[in-house]
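For reference, the structure discussed in these notes is given below.
The values are calculated or read from the model by the stated rules, or taken from the named source; none is laboratory data. All values reported here derive from a predicted model rather than from experimental measurement. Heads up, the Cβs are rebuilt from the backbone with ideal geometry, glycines too, and the neighbour counts pull from every protein chain shown. Only protein heavy atoms, including side chains, enter the accessible area calculation; ligands, DNA and RNA are left aside. Shrake-Rupley method; radii C 1.70, N 1.55, O 1.52, S 1.80 Å.
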Amino acid sequence: MEARRLAILCSHLNPPGPNPTRDPILRVSDCSSSASSGDGKVESSNLQNDCVFCKIIRGESPCLKLYEDDMCLCILDTNPLSHGHSLIIPKLHYPTLEETPPSVVAAMCSKVPLISNAIVKATGSDSFNLLVNNGAAAGQVIFHTHIHIIPRKERDCLWASESLRRHTLKLDKEASQLVSRVRQQLCSLPEEQLVQPS
């Protein structure tokens, strides 16, 4: 598992191909953010020195940029699961989804229809998966929140789980207890976290 994580991390640091920086499509990100300084660079206090995505955002590492605005950046994944596999990354550093402010998550998610539609059309795909690996046990390798857009084609058999038989939920005591435990967790949150912004 560690070898796989290291390989993925290295693929983000060193995109494949000879002299990738000479590719006319390959560009470094120009950081412009609400938390930027006068020169357009995101303040270093909002970024991590050793984070691959922060290096891309600061313009220190190359990327294949698909989309950029003040809040987020969308790039091609350098170790794709399918042709067109892309990542939406917030411009400020948040290690996990629960540490990412709702406004930032909303900004990232609001771009999904626009970007995914363009990717699906450009790749001739039928559909896509939207994926967030949150935490090491879920497969998160780079601890900077990001959303995967993974284009799909019919019968591509990308996920091993697609061949697994699913089981019907039993409406029993165990399921009821699970619902109660989740509701208790939600009730223990401060009210401002539960109220939708207007």
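Check the stretch 101-114 and report whether any residue there is part of a loop (DSSP other than H, G, I, E, B) and open to solvent by less than 100 Å² (accessible area, probe 1.4 Å). For the stretch 101-114, residues part of a loop (DSSP other than H, G, I, E, B) and open to solvent by less than 100 Å² (accessible area, probe 1.4 Å): present. Restricting Leu81, Leu66, Leu6 to residues that are under 15 Å from the mean Cα position of the chain (by Cα) and either part of a loop (DSSP other than H, G, I, E, B) or modelled with pLDDT under 50 (or both) narrows the list to Leu81. Condition check for Glu98 on (1) among the acidic types (Asp, Glu); (2) open to solvent by 60 Å² or more (accessible area, probe 1.4 Å); (3) closer than 14 Å to Ile57 by Cβ: one failure, at (3).
When Ile150 is tested against (1) modelled with pLDDT under 90; (2) part of a strand (DSSP E or B), just one condition goes unmet, and that condition is (1).
Kindly indicate whether Asn133 is within 27 Å of Glu192 (Cα to Cα) and within 13 Å of the chain's Cα centre (by Cα). Spelling it out, Asn133 is indeed within 27 Å of Glu192 (Cα to Cα) and within 13 Å of the chain's Cα centre (by Cα).
Against the list (1) under 20 Å from Gly59 (Cα atoms); (2) outside any loop (DSSP other than H, G, I, E, B); (3) not small (Gly, Ala, Ser), the condition Val120 fails is (1).
The residue of the stretch 137-161 that is most open to solvent (accessible area, probe 1.4 Å), among those that are without any contact (Cβ under 8 Å) to a residue 60 or more places away in the chain and under 27 Å from Val105 (Cβ atoms), is Ala137.
Taken over the stretch 55-92, the residue count meeting the criterion of being within 18 Å of Asn129 (Cβ to Cβ) and touching a strand residue (DSSP E or B) at 6+ places or on another chain (Cβ under 7 Å) is 14. Taking the stretch 21-63 as the range and being open to solvent by less than 20 Å² (accessible area, probe 1.4 Å), at pLDDT 50 or above and more than 27 Å from Thr123 (Cβ to Cβ) as the test, the residues that pass are Leu47, Cys51, Cys54. Does Ala118 meet the test of being aliphatic (A, V, I, L, M), within 20 Å of the chain's Cα centre (by Cα) and exposed (fewer than 15 other Cβ atoms within 10 Å of the Cβ)? For Ala118, the condition - aliphatic (A, V, I, L, M), within 20 Å of the chain's Cα centre (by Cα) and exposed (fewer than 15 other Cβ atoms within 10 Å of the Cβ) - is not met.
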